Amino acid sequence: FGPAPQRIALRDPRAPSQLSQVIELYDQALATTAPYYASGVSARSLIDPHRGEPYAGADSISVVAPSCRTADALTKIALFAPRAIVERLLEQHEAQLLIQSPDAGT
């Protein structure tokens with residue numbers, strides 16, 4: 001978003017038409033992967049690589065990174081990869097992970 005601060009609102013995974021939190025970005029990018037982003041119906045384009053079937057979860061995964069390309073790629077990795085791999089890649093790419101779970105509230 002550039003050097004000027006930008007306020008970004010994240011959708012609530014329990015009620016996608018509502019907002020759950022607002023974050024501020026400074027010269028960073030944000031990407032989100034969530035099943036509610038497919039025209040109001042469950043996203044069937046997210047394929048679980050371990051099962052070869054559509055993602056059955058409801059978590060909303062957002063990543064803040066230096067570039068949008070990196071943030072977007074890391075959302076898919078964070079959704080499906082083992083935690084140790086995710087943590088290593090987040091550190092390597094100077095990225096932050098935001099997980100919103102309908103079960104946990106955020």
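Taken together, the values in this text are just the output of simple stated rules run on the coordinates, not laboratory data. Note that the coordinates shown come from a computational prediction; the quantities given were computed from them, not determined experimentally. Using ideal geometry, Cβ is built from the backbone for each residue, glycine included, and neighbour counts are taken over all protein chains shown.
In order along region 17-26, phi translates into HN-Hα couplings of 7, 10, 9, 9, 7, 10, 10, 10, 10, 10 Hz, rounded to whole numbers, per the Karplus curve 6.51 cos²θ - 1.76 cosθ + 1.60 with θ = phi - 60° and x for Gly and Pro.
Stretching GLN21 away from ALA4 to a fully extended chain increases their span by 4.2 nm, per 0.36 nm per residue minus the current alpha-carbon distance. Of all the options LEU46, LEU19, LEU74, the one that moves most in a Gaussian network model of the chain with Cα springs shorter than 10 angstrom is LEU19. Grab the other residues whose beta carbon is less than 11 angstrom from that of ALA29, score K and R as +1, D and E as -1, and report the net. Residues close to ALA29 contribute a combined charge of -1. Length gained on full extension, GLU87 to ALA56: 8.9 nm, using 0.36 nm per residue less the C-alpha separation.
Of all the options ARG51, ARG83, ARG14, the one that moves most in a Gaussian network model of the chain with Cα springs shorter than 10 angstrom is ARG51.
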